[in-house]
Amino acid sequence: MSPVGCAANAGTAREQARIWGTWPAPGKASFLHTNAGPFSRARLERCQTPERSERNVLARCEDGQQRHAASSALPEMVESESEPDEAPQPQSGVLPDRIGFIGAGQMGEALIRGFVASGISTFDRISASVRSAERQHALNSLGLQVFGNALEGGAADIAANSDVIFLGVKPQYLDGILEALSPHVTPKHLVISIAAGVRVAGLEGGLPEGTRVVRVMPNTPCLIGQAASAYVLGNNATEEDASKTYALMSSVGLAINVEERMMDAVTGLSGSGPAYVFMMVEALADGAVLAGLPRDKALALAAQTVIGAARMVFEASGDGTMTHPAVLKDKVTSPAGTTISGVAELETSGVRGALIRAVRAAARRSEELG
Ligand SMILES: NC(=O)C1=CN([C@@H]2O[C@H](COP(=O)(O)OP(=O)(O)OC[C@H]3O[C@@H](n4cnc5c(N)ncnc54)[C@H](OP(=O)(O)O)[C@@H]3O)[C@@H](O)[C@H]2O)C=CC1
Ligand SMILES: O=C(O)[C@@H]1CCC=N1
């Protein structure tokens with residue numbers, strides 16, 4: 001599927017549900033996903049260094065390699081007839097581990113659907129603990145094993161049925177969840193938290209000594225294999241845990257290993273960033289409607305413009321290196337043309353400053369949550 005094909009679907013009911021509703025209802029869906037399995041794992045291996053402290057920093061790979069790894073991890077868009085609600089089909093590359101989610105709301109469900117769409121897991125390997133009957137029913141209809149409130153036995157059920165446990169509740173609830181989970185954690189478990197702001201030290205402190213922990217900051221585009229995720233390994237995490245985390249997260253998009261001090265910035269940028277971009281797409285479409293374009297056409301063109309521009313940063317050079325966006329912007333901006341008029345308006349309105357402040361504010365909020 002070409003990106004244009006993707007955007008051309010924007011007017012369908014399914015796309016509208018994706019845009020305005022919750023995640024698409026179970027049904028045959030066409031997912032854009034990454035082929036990042038062994039391909040990107042090999043890249044990671046080339047970037048691995050034996051030193052633990054080095055493992056946490058993709059940036060410490062040889063410079064050229066780092067850029068190559070980053071750009072090669074760019075999900076290759078391919079059309080896939082994934083059918084997440086149908087009987088699980090064994091596939092090569094499926095992780096044998098059973099995956100449990102304590103908390104599976106917006107982000108947890110996006111990960112679950114993304115993992116299944118990518119082929120790295122199957123619904124029958126995944127279970128979830130959620131509180132409300134409504135969520136239990138919704139997840140159950142996907143084919144997951146669903147347990148109730150983590151504080152009332154759900155955490156024990158997840159531990160008994162999982163090798164990898166994702167913590168997908170809001171940061172404010174995490175202490176209680178760790179307390180409920182802790183007695184049931186054994187050496188077989190890898191615990192992966194996606195909670196904004198919550199530090200590795202806090203996770204390790206709330207779990208039995210020696211627990212293997214990873215902190216991940218994903219984003220919702222993992223639903224379609226287009227996530228931008230970063231992760232940091234806990235003190236007891238092994239090489240195998242690092243590979244497993246990378247395998248899972250790169251199956252749903254770009255996944256990079258960072259130092260923990262960078263995680264608040266990651267959260268302010270890629271964790272929260274989809275919301276900023278959705279606002280931009282909406283506003284761009286509004287502008288086009290103001291200028292006379294019908295809403296559906298405006299939205300399709302706005303969304304595809306964002307896809308195309310973002311991909312240019314990764315792919316325009318043709319040699320695997322990223323191109324600075326200012327260079328690409330200059331190529332759009334003809335002397336005395338239309339674009340410079342628009343750009344001047346953005347500068348007058350302080351759009352750059354607003355985006356910088358948005359990322360910084362979200363990063364600060366992440367710090368506070370920790
Ligand atoms: N949304 C996003 O884009 C991102 C979110 N995150 C992180 O993901 C986490 C979840 O965020 P999000 O998905 O947006 O939040 P949601 O509110 O959508 O999901 C939270 C989930 O936790 C469940 N839950 C709460 N308490 C319990 C409990 N005692 N036992 C079992 N389940 C429980 C809720 O169940 P129920 O619905 O039944 O109440 C719900 O499924 C947060 O820590 C956030 O920082 C990280 C990156 C991006
Ligand atoms: O808004 C939040 O707190 C979560 C974390 C990053 C994105 N959403």
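Give just the number: which of (1) away from ligand 2 (no atom under 16 Å from the Cβ); (2) at pLDDT 95 or above does Gly143 not satisfy? (2) is the only condition that Gly143 fails. The set of residues in region 128-161 that are among the acidic types (Asp, Glu) and buried (at least 19 other Cβ atoms within 10 Å of the Cβ) contains only Asp157.
Taking region 320-370 as the range and being within 16 Å of ligand 1 (Cβ to nearest atom) and either of a type outside the set (Asp, Glu) or in contact with a Phe, Trp or Tyr (Cβ under 6 Å, 6 or more places away or on another chain) (or both) as the test, the residues that pass are Ala358, Val359, Ala361, Ala362, Ala363, Arg364, Arg365, Ser366, Leu369, Gly370.
The single residue among Ala302, Ala288, Ala283 that is exposed (fewer than 14 other Cβ atoms within 10 Å of the Cβ), over 20 Å from the mean Cα position of the chain (by Cα) and of a type in the set (Gly, Ala, Ser) turns out to be Ala283. Out of all the residues in region 232-240, is one or more in contact with a Phe, Trp or Tyr (Cβ under 6 Å, 6 or more places away or on another chain), assigned to a strand (DSSP E or B), under 28 Å from Ala361 (Cβ atoms) and touching a residue at least 40 places away in the same chain (Cβ under 8 Å)? Among the residues of region 232-240, not one is in contact with a Phe, Trp or Tyr (Cβ under 6 Å, 6 or more places away or on another chain), assigned to a strand (DSSP E or B), under 28 Å from Ala361 (Cβ atoms) and touching a residue at least 40 places away in the same chain (Cβ under 8 Å), which makes the answer no. In this entry, Ile340 is excluded by the filter for residues that are within 26 Å of Cys222 (Cα to Cα) and either part of a helix (DSSP H, G or I) or away from ligand 2 (no atom under 16 Å from the Cβ) (or both). Out of everything in region 74-118 that is modelled with pLDDT under 50 and charged (D, E, K, R), what residue ends up being nearest to the chain's Cα centre (by Cα)? Once the filter is applied, the top-ranked residue is Glu76.
Here region 162-202 is the region considered, the condition is being more than 24 Å from the chain's Cα centre (by Cα) and surrounded by fewer than 18 Cβ atoms within 10 Å (Cβ to Cβ), and the residue that is farthest from ligand 1 (Cβ to nearest atom) is Pro187.
The values are calculated or read from the model by the stated rules, or taken from the named source; none is laboratory data. Nothing here was measured: the structure is a model prediction, and the numbers come from that model. For neighbour counting, all protein chains shown are included, and Cβ atoms are generated from backbone atoms with ideal geometry for every residue, glycine included.
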